[in-house]
1. Looking at 34, 56, which is the one that is touching a residue at least 40 places away in the same chain (Cβ under 8 Å) and farther than 24 Å from residue 3 by Cβ?
2. Given the criterion in contact with a helix residue (DSSP H, G or I) (Cβ under 8 Å, 6 or more places away or on another chain), outside any strand (DSSP E or B) and closer than 17 Å to residue 23 by Cβ, identify the matching residue among 55, 89, 112.
3. Quick check: anything in region 95-108 in contact with a strand residue (DSSP E or B) (Cβ under 6 Å, 6 or more places away or on another chain) and assigned to a loop (DSSP other than H, G, I, E, B)?
4. Are there any pairs, at least 6 apart or on different chains, whose C-beta atoms fall under 9 Å, with the first in region 71-89 and in contact (Cβ under 8 Å) with a residue 40 or more places away in the chain and at negative phi and the second loosely packed, with under 11 Cβ neighbours inside 10 Å and part of a loop (DSSP other than H, G, I, E, B), and if so, which?
5. Identify all residues within region 25-44 that are under 25 Å from residue 86 (Cα atoms) and in a loop (DSSP other than H, G, I, E, B); write none if there are none.
6. Residue 18 - would you say it is more than 12 Å from the chain's Cα centre (by Cα), farther than 30 Å from residue 121 by Cβ, outside any loop (DSSP other than H, G, I, E, B) and in contact (Cβ under 8 Å) with a residue 60 or more places away in the chain?
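Just so it is clear, none of the values below were taken in a lab; they were calculated from the coordinates. Just so you know, these numbers come straight off a predicted model, no measurement behind them. Note that we place each Cβ from the backbone using ideal geometry, even for glycine, and neighbour counts take in every protein chain shown.
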C-alpha cells in the first residue's frame, strides 16, 4: 500500500456554531457544507477539514492529553499571517519555531484546540 498524503482531518468541538465562525471568518477556510452536527471546509490541496459535535471546550489551550493531534495549516508568508490573525483577535501560544527553513507558531481556537500555521521552504 502506498500513501499519498493526508486527505481528511476531523476535530470534535462542543460549540459547532462558534467554531464554524472561527474557522470560516477568522482563519478564512472556505465552508463547503454545514449540517446540524458537522461542518466541512476546504483546507487546500484537496484536503477536507471537518468539525464534528462531540468535543469538550477548554478556556485555555488544550494539553496533549486533551488533544493528541495538532492541525498545521500551511501559509506562504508566516509573518503576514501572524499580523492578519492578530488583527482578528487570535492569541498565539509561545514563540515561533524554526528548523531548516520551516517556520511555525501555535495558537488555539475558541475551544482551546491547538493549531499552528506553518511556512515551509519552496
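1. On the way: 34 fails: touching a residue at least 40 places away in the same chain (Cβ under 8 Å).
It is 56.
2. On the way: 55 fails: in contact with a helix residue (DSSP H, G or I) (Cβ under 8 Å, 6 or more places away or on another chain); 112 fails: in contact with a helix residue (DSSP H, G or I) (Cβ under 8 Å, 6 or more places away or on another chain).
Unique residue meeting the criteria: 89.
3. We begin by selecting, within region 95-108, every residue in contact with a strand residue (DSSP E or B) (Cβ under 6 Å, 6 or more places away or on another chain); these are 96-97, 103-108.
Now narrow it down to the ones that are assigned to a loop (DSSP other than H, G, I, E, B): none.
Within region 95-108 (the criterion being in contact with a strand residue (DSSP E or B) (Cβ under 6 Å, 6 or more places away or on another chain) and assigned to a loop (DSSP other than H, G, I, E, B)), the answer is no, since none of the residues qualifies.
4. These pairs meet every condition: 74/45; 76/122.
5. Correct list: 27, 28, 29, 30, 43, 44.
6. Working: more than 12 Å from the chain's Cα centre (by Cα): yes; farther than 30 Å from residue 121 by Cβ: yes; outside any loop (DSSP other than H, G, I, E, B): yes; in contact (Cβ under 8 Å) with a residue 60 or more places away in the chain: yes.
For residue 18, the condition - more than 12 Å from the chain's Cα centre (by Cα), farther than 30 Å from residue 121 by Cβ, outside any loop (DSSP other than H, G, I, E, B) and in contact (Cβ under 8 Å) with a residue 60 or more places away in the chain - is met.
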